[in-house]
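Trainee: The structure is given below, and queries will be raised subsequently.
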Amino acid sequence: MKVLDAVEGFRDDMVKTLCDLIEIKAIAPEFGGDGEYKKAEYLMKLLDGFDVVERYDVEDERVSDGLRPNIVAKVKGVLEKTIWIVSHLDVVPEGDERLWETPPFKGVVKEGKIFGRGAEDNGQSIVSSLYAAKAIIESGLTPKYTLGLVFVADEEAGSNYGIKHVLKQKIFDKEDLFVIPDIGTPKGDMIEIAEKSILWLKFVVHGQQSHASMPSGLNASRRAMEFILDLDKKLHSKFNGKNELFVPPYSTFEPTKREKNVDNINTIPGLDVSYMDCRIIPDYHVEEVLDYIEDIRSFHQMKGNSKIEIEIVQKVSSPPTPENAQIIEKLRNTIEELRGFRPGVYGIGGNTCASFFRKSGFTETAAWCTADGVAHQANEYCVIDNMVEDAKVFSILPFEPGY
Ligand SMILES: [Zn+2]
């Protein structure tokens, strides 16, 4: 098959492109970065020969170029119906630099891998989808379906400047198919079809600040601990259902961040601010969980006779993609043809751009790639063979079986 040979012929270009992408830092302003503009400009130069190249940038004064870039590019097929591959331009910061064995923003090739921040998340898939399209162009063949690439900003910090903006533009058709290559397994043997609902909560518990030797009985820290521990225990026992599609197969409710309170040991804090990260299996409505949390909040507020406030920091729910969806079947057939096995399906507690598509009514949405799962870690890497082999899957996806 000419297209597969063309992908293989691009192997060295793919390695170089990923190394170059790693070297163009693209971090959201929330995390102290300057956005993705330069990375987008670099990619624009690699899009000759595409039938459509469009930009859907969003103004953002916080970055020096003033824009958060979103690129849409297409290679036309016989049909308008499009298989879209959506990956993100931004990366998270390096974290503790002492944990890195190579400089985080330098692409270093070693033992069949490319090391660097963003190598796996999501550089590998930017490159694999890009060269899948380039291989189709190079082959001179016209696939059945149009292949669309979307490179979005702001995935790591909420997607307001990225996929949420692009989804408002009427670019996508309800008949289209979507692959989000932002979560995967080391062999590529699992396709993600569902994501748990995400609920992030902020708790503000009020008390009365006083000298620690003269307690007034309204210690915000103690009240918060009592409230959150009780809430934690009750949420786990009320919403204890299992759903074996997911890893792990149950809802999770985890108290996480806690804001600093007083500076000294001998003052009782008058305010306690903390957070909880909940990932809820679709067997429960998020509203039902919120109602239950409200009951516990009002009980503790009454008991302590002092205010407890809850703020929703993030709430995302999306319906699962049916297992018999066309995109799942197509991915399974293509992977079986190239790798000799049929992948299974699963759900995750994490959150990718797939949830925004599913939430917007695009039911033909799958998240898939082949990756060791080292996103956000120190010494993040991409296995070069995974990048090339995923490009092969993407390159023949728009063709009819047997082409
Ligand atoms: Zn990612």
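The values are calculated or read from the model by the stated rules, or taken from the named source; none is laboratory data. Quick caveat: nothing in here was measured; it's all calculated off a predicted structure. Positions of Cβ are backbone-derived with ideal geometry, glycine not excepted, and every protein chain shown enters the neighbour counts. In case anyone asks, the SASA skips ligands and DNA or RNA and just uses the protein heavy atoms, side chains included. Shrake-Rupley method; radii C 1.70, N 1.55, O 1.52, S 1.80 Å.
One line per residue, one yes/no per condition, for (1) modelled with pLDDT of 95 or more; (2) out of contact with any Asp or Glu (no Cβ under 9 Å at 6 or more places or on another chain); (3) crowded, with 18+ Cβ neighbours inside 10 Å; (4) closer than 22 Å to SER317 by Cα:
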{"position": "ARG222", "(1), (2), (3), (4)": "yes, no, no, no"}
{"position": "GLU226", "(1), (2), (3), (4)": "yes, yes, no, no"}
{"position": "ASP232", "(1), (2), (3), (4)": "yes, no, no, yes"}
{"position": "LEU235", "(1), (2), (3), (4)": "yes, yes, yes, yes"}
{"position": "GLY241", "(1), (2), (3), (4)": "yes, no, no, yes"}
{"position": "PHE253", "(1), (2), (3), (4)": "yes, no, yes, yes"}
{"position": "VAL289", "(1), (2), (3), (4)": "yes, yes, yes, yes"}
{"position": "ILE293", "(1), (2), (3), (4)": "yes, yes, yes, yes"}
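Trainee: Let me spell it out: the conditions are (1) assigned to a helix (DSSP H, G or I); (2) at positive phi, and SER237 meets all of them except one. Which number is the exception?
Mentor: Status for SER237: all satisfied but (2).
Trainee: Which condition breaks for GLY66 when tested against (1) of a type in the set (Gly, Ala, Ser); (2) away from the ligand (no atom under 16 Å from the Cβ); (3) farther than 21 Å from ILE171 by Cα; (4) touching a residue at least 12 places away in the same chain (Cβ under 8 Å)?
Mentor: (4)
Trainee: In addition: Would you mind telling me which numbered condition in (1) under 30 Å from TRP84 (Cα atoms); (2) among the aliphatic types (A, V, I, L, M); (3) at pLDDT 95 or above VAL316 fails?
Mentor: All conditions pass for VAL316, except number (3).
Trainee: Looking at the range 339-388, which of its residues are in a strand (DSSP E or B), within 15 Å of the ligand (Cβ to nearest atom) and of a type outside the set (Gly, Ala, Ser)?
Mentor: Correct list: ILE348, THR370, TYR381, CYS382.
Trainee: Then there is this: Which residues, taken from the range 286-304, are in contact (Cβ under 8 Å) with a residue 12 or more places away in the chain and of a type outside the set (A, V, I, L, M)? I'd like the intermediate steps shown before the answer.
Mentor: Filtering the range 286-304 for residues in contact (Cβ under 8 Å) with a residue 12 or more places away in the chain gives 286, 289-290, 292-294, 296-297, 300, 304.
Once the filter is applied, which keeps residues that are in contact (Cβ under 8 Å) with a residue 12 or more places away in the chain and of a type outside the set (A, V, I, L, M), the range 286-304 yields TYR292, GLU294, ARG297, HIS300, GLY304.
Trainee: Which count do you get for residues in the range 169-191 that are within 16 Å of the ligand (Cβ to nearest atom) and farther than 23 Å from MET1 by Cβ?
Mentor: Summing the residues that are within 16 Å of the ligand (Cβ to nearest atom) and farther than 23 Å from MET1 by Cβ in the range 169-191 gives 6.
Trainee: If I ask for residues that are in contact with a strand residue (DSSP E or B) (Cβ under 8 Å, 6 or more places away or on another chain), small (Gly, Ala, Ser) and within 16 Å of the ligand (Cβ to nearest atom), which ones from the range 101-141 would you list?
Mentor: Listed by number, the residues that qualify are GLY116, GLY118, ALA119, GLY123, SER125, SER129.
Trainee: Another question, if that's okay. Can you tell me which of CYS369, CYS382 is in contact with an Asp or Glu (Cβ under 6 Å, 6 or more places away or on another chain) and farther than 22 Å from LYS196 by Cβ?
Mentor: CYS382
Trainee: What are the residues in the range 147-168 that are more than 12 Å from the ligand (Cβ to nearest atom) and open to solvent by 10 Å² or more (accessible area, probe 1.4 Å), if any?
Mentor: GLY158, ASN160, TYR161, LYS164, HIS165, LEU167, LYS168
Trainee: Can you tell me which of GLU337, GLU380, GLU323 is surrounded by 15 or more Cβ atoms within 10 Å (Cβ to Cβ) and touching a residue at least 24 places away in the same chain (Cβ under 8 Å)? Outline the logic, then answer.
Mentor: Details: GLU337 fails: surrounded by 15 or more Cβ atoms within 10 Å (Cβ to Cβ); GLU323 fails: surrounded by 15 or more Cβ atoms within 10 Å (Cβ to Cβ).
Residue meeting the stated conditions: GLU380.
Trainee: Determine whether PHE203 is within 14 Å of LYS359 (Cβ to Cβ) and either aromatic (Phe, Trp, Tyr) or within 16 Å of the chain's Cα centre (by Cα) (or both).
Mentor: The answer is no for PHE203.
Trainee: Tally the residues that are hydroxyl-bearing (Ser, Thr, Tyr) and in contact with a Leu (Cβ under 9 Å, 6 or more places away or on another chain), restricting the search to the range 52-110.
Mentor: 2
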